[in-house]
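Colleague: Let me give you the structure first, and then I'll get to my questions.
The values are calculated or read from the model by the stated rules, or taken from the named source; none is laboratory data. Treat the numbers as computed from the prediction; the structure is a model and nothing was measured. Note that each Cβ is placed from the backbone with ideal geometry, even for glycine, and that neighbours are counted across all protein chains shown.
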Amino acid sequence: MNKKVSKPLSVFVLSGLVFTAACGGEEEAQVASDPSELEGKEITVGTWKGTDAEVKAFDELLAAFTDETGIKVKKKVYNDYQTQLQTDLVGGTAPDVFYVDAFLAPELSKQGVLEPIDQYVEQTEKDLGDFYEPAINAFKSEDQLFGLPKDYSTLGLYYNKKMIEDAGFTADDIPTEMEDLPGFLKELQGELPSGVTPAITSSELARHMFVLQSGGTDIVDGDGKAVLSQQDQLAALQPLVDAYQDKLVQRPADLGQGWAGDSFGAEKAAIMIEGNWAISHIQQNFPDVEMGTKEVPTIGGDSGSMMFTVSYSLNSDSEEKAAGWEFIDYATSKDGMKIWSEGAGVLPSLKSIAEELNLQDDELKAPFVAAGAYATPWQKGDSLSIVAREYNNLLPAALKGDMTLEEAMKKAEETANKDIETQLQ
Amino acid sequence: MGTQLEINRRTDAASQAPPPKKKKGSERNRRESMQGITFMLPTLIILVTFTLLPIAYSLFLSFTRVNLFGGIDFQWVGFDNYVNAWNDDRVWTALKNTFRYAVFVVPIQTAIALLMAAVLNSGIRFQNTFRTIYFLPTLTSSSALTMIFMFLFSLNGPINNVLVSLGFLEAPVNFINETDFALTTIMVMNIWSTVPFFMTIYLAGLQDIPSSLYEAASLDGANAWQKLMKITVPNLTPVTNYVLLMGIIGCFQLFDQAYIISGGTGGPNNATLTFSLIIYQYAFKTIGTMGYASALAIILTVIIFAVSMLARKLNKEESNY
């Protein structure tokens, strides 16, 4: 952050400190003035179990942190993260620091279970400018920061090199503008062996939010109500529905797979739009498939993609906030971030580490790193879970032609808004 | 002592309140009942803590809008949650799905279980081996079963391959992801996995039917079908009641299969949205709707209770032995 912002902010924070101290000091940031006094403390960190590489990298990160600070860390691994974390939070047994999916951040911060970390950032003079902006913005709510991103993922376009070449095209023929994509897929369709779909993508709001918002209308309005059926939104989505009905684009379920990565790996589709997590999945499980990646084609000339990010957040009920903050600080520092992103093969949320690891030159990862600058975070207030539920429920009806897109989206919007009205407001 | 008697008299004259005894006798009575209570205490504590309190608590929650996070705060909303449930289309869809599911699954699984039990009890060869094999599905966890069934019924799975190669289908059907088939797939799966359990219960019930009844029927010239319908079925009515009851409760509480197949959304297009799933969604997927989830849970309890009683009544009236 630049100095201009930080000075008034620190005055504000200081006055806030004095004020809260006078009222019993409950919300005071508990940063240790001398880090060595935290030595020997133990904190719990809540995570979900990732890939083997992630588990190994996380253990390395914890070991490095303990070496550095003398604070011991106990892992608490969730199998069903959302349900178990909620139960733990209600029961008062939640870890001191835990993963928060950006998607859940607004709901959780509204419940007051996440500690705002602005004061901690301020007091340890942590540099937030190095974070990718969409990633850190995903954890901001009402001008407060509720966590720091541990890494991020974006969407990109994958293509099967051999299939594209066998069909008589090169990678450069794949359009860079969404408007040209259906035409290209149509040409491709004629050249592909039977049983192979030109393109595959999951049809859910988490993948489509940036498309719906490409015309300038947000999917949720200021009151948290769903907005899904505006003309510009329908116009942005209609090409997908048309392409689906022409069998140019299919969903993994239509091909009998659980997710697009498996369909692509099984060579059922030549092109897919997926997150960067598919890279290691395909390399491990389908080593014979030669793939290439590109950025998601632009819509109306604007680059777009989705960003999925997860933070380390501080439990507002924690008794070891100072030690917890030390952990967050270390894990999102250059040292910690390097251990984690190098070991786990994920995209670091710090620009400097992405540069240090030369990810912008990485043949496969470069398009996903580039998207870090412009992608739309998968986060939209505390009503998003309901909006997404109805969208995902009704979009298939439009894809299959049971309803027109407008009917389906109107129904999704209505159902969601009724639910939001009765349940959340 | 006097007040105790007064209370006894006042609460219920007909409840055979023990007549005032001599002091010695009542002392002994009390010691005996203290003993009884001590023996029951562990069970009572567990029952109260883990069953009765949660039920009472969720009944209470169902009348509130509640936030369980950090410093619980309740807001009494009366019957709002119930009114909202009445006006909620998704609740009706879930109810319709659940009813459709129960109407198909309960009679079919009961009939198959009874038939299989009768066959396995008829003295055919290797009947113990068959009993063991048939019982295996019950021992497997239902989530593992769901995964196996998802494979069997998947687009490239064995069921589709067999049906296509035999010419029953022109193209493979997407049993799991098509709106029209998803619930049916779960039905087949559930019948397959619950039949063995009920079969075992029927087998136990069959041991209680005296063989003299069958011998007498044979002398009168009854065939196997007549024996089944006139002797076995009526004699098993109490067992059937139990099987129906457990079947209905199981069906209305259908959760894991629907959850796994739809990934928790109840899709495609609400096809696998069951009542338990909707409760789960409001309890854990959206934050701050625990009160509504509790109200739905109470409604489900009432529905299960009513349907079970109805089934029991119908079954009793039909039986005449």
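Colleague: Within region A:403-416, can you find the residues that are over 16 Å from A:L237 (Cα atoms) and either facing chain B (nearest Cβ under 9 Å) or surrounded by fewer than 22 Cβ atoms within 10 Å (Cβ to Cβ) (or both)?
Modeller: Passing the criteria: A:E414, A:T415.
Colleague: Within region A:61-79, does at least one residue satisfy the condition of being over 17 Å from A:V113 (Cβ atoms), in contact with a strand residue (DSSP E or B) (Cβ under 9 Å, 6 or more places away or on another chain), within 14 Å of chain B (Cβ to nearest Cβ) and not aromatic (F, W, Y)?
Modeller: yes
Colleague: Could you look through region A:107-124, keep only residues that are under 11 Å from A:F139 (Cα atoms) and part of a loop (DSSP other than H, G, I, E, B), and pick out the one that is nearest to the other protein chains (Cβ to nearest Cβ)?
Modeller: By that ranking, first place goes to A:P116.
Colleague: A:V241: touching a strand residue (DSSP E or B) at 6+ places or on another chain (Cβ under 9 Å), touching a residue at least 24 places away in the same chain (Cβ under 8 Å) and buried (at least 17 other Cβ atoms within 10 Å of the Cβ), yes or no?
Modeller: No; evaluated as a whole, the condition is false for this residue.
Colleague: Follow-up. For residues that are touching a residue at least 24 places away in the same chain (Cβ under 8 Å), within 28 Å of A:N137 (Cβ to Cβ) and assigned to a helix (DSSP H, G or I), tally how many sit in region A:65-106.
Modeller: Total satisfying the criteria: 7.
Yes/no matrix, rows are residues, columns are (1) of a type outside the set (S, T, N, Q); (2) in contact (Cβ under 8 Å) with a residue 60 or more places away in the chain; (3) within 11 Å of another protein chain (Cβ to nearest Cβ):
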position	(1), (2), (3)
B:T240	no, yes, no
B:F255	yes, no, no
B:A258	yes, yes, no
B:G264	yes, no, yes
B:N270	no, yes, yes
B:T274	no, yes, no
B:I279	yes, no, no
B:Y282	yes, no, yes
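Colleague: Please return the ranges of helices (runs of 4 or more DSSP H) entirely within region B:123-211 where 1 or more residues are closer than 18 Å to B:D256 by Cβ and touching a Gly at 6+ places or on another chain (Cβ under 9 Å).
Modeller: Once the helices (runs of 4 or more DSSP H) in region B:123-211 are filtered for at least 1 residues that are closer than 18 Å to B:D256 by Cβ and touching a Gly at 6+ places or on another chain (Cβ under 9 Å), what remains is B:142-152, B:182-206.
Colleague: List pairs: first residue in region A:258-275 and under 12 Å from A:K294 (Cα atoms), second residue among the aromatic types (F, W, Y) anywhere in the structure, Cβ distance under 7 angstrom, at least six positions apart or on different chains.
Modeller: Hits for this filter: A:I271/A:Y158; A:I271/A:Y159; A:M272/A:Y158; A:M272/A:F264; A:E274/A:Y158; A:G275/A:F308.
Colleague: Okay, next question. Could you tell me whether region B:140-151 includes any residue that is closer than 29 Å to B:G205 by Cα and surrounded by fewer than 13 Cβ atoms within 10 Å (Cβ to Cβ)?
Modeller: Taking every residue of region B:140-151 in turn, at least one turns out to be closer than 29 Å to B:G205 by Cα and surrounded by fewer than 13 Cβ atoms within 10 Å (Cβ to Cβ).
Colleague: Tell me the helices (runs of 4 or more DSSP H) entirely within region B:222-321 that contain at least 2 residues that are crowded, with 23+ Cβ neighbours inside 10 Å.
Modeller: In region B:222-321, the matching helices (runs of 4 or more DSSP H) lie at B:237-252, B:256-262, B:275-280, B:290-318.
Colleague: Of all residues in region B:64-86, which are at pLDDT 90 or above, surrounded by fewer than 16 Cβ atoms within 10 Å (Cβ to Cβ) and either in a helix (DSSP H, G or I) or not aromatic (F, W, Y) (or both)?
Modeller: B:V83, B:W86 - these are the residues of region B:64-86 that are at pLDDT 90 or above, surrounded by fewer than 16 Cβ atoms within 10 Å (Cβ to Cβ) and either in a helix (DSSP H, G or I) or not aromatic (F, W, Y) (or both).
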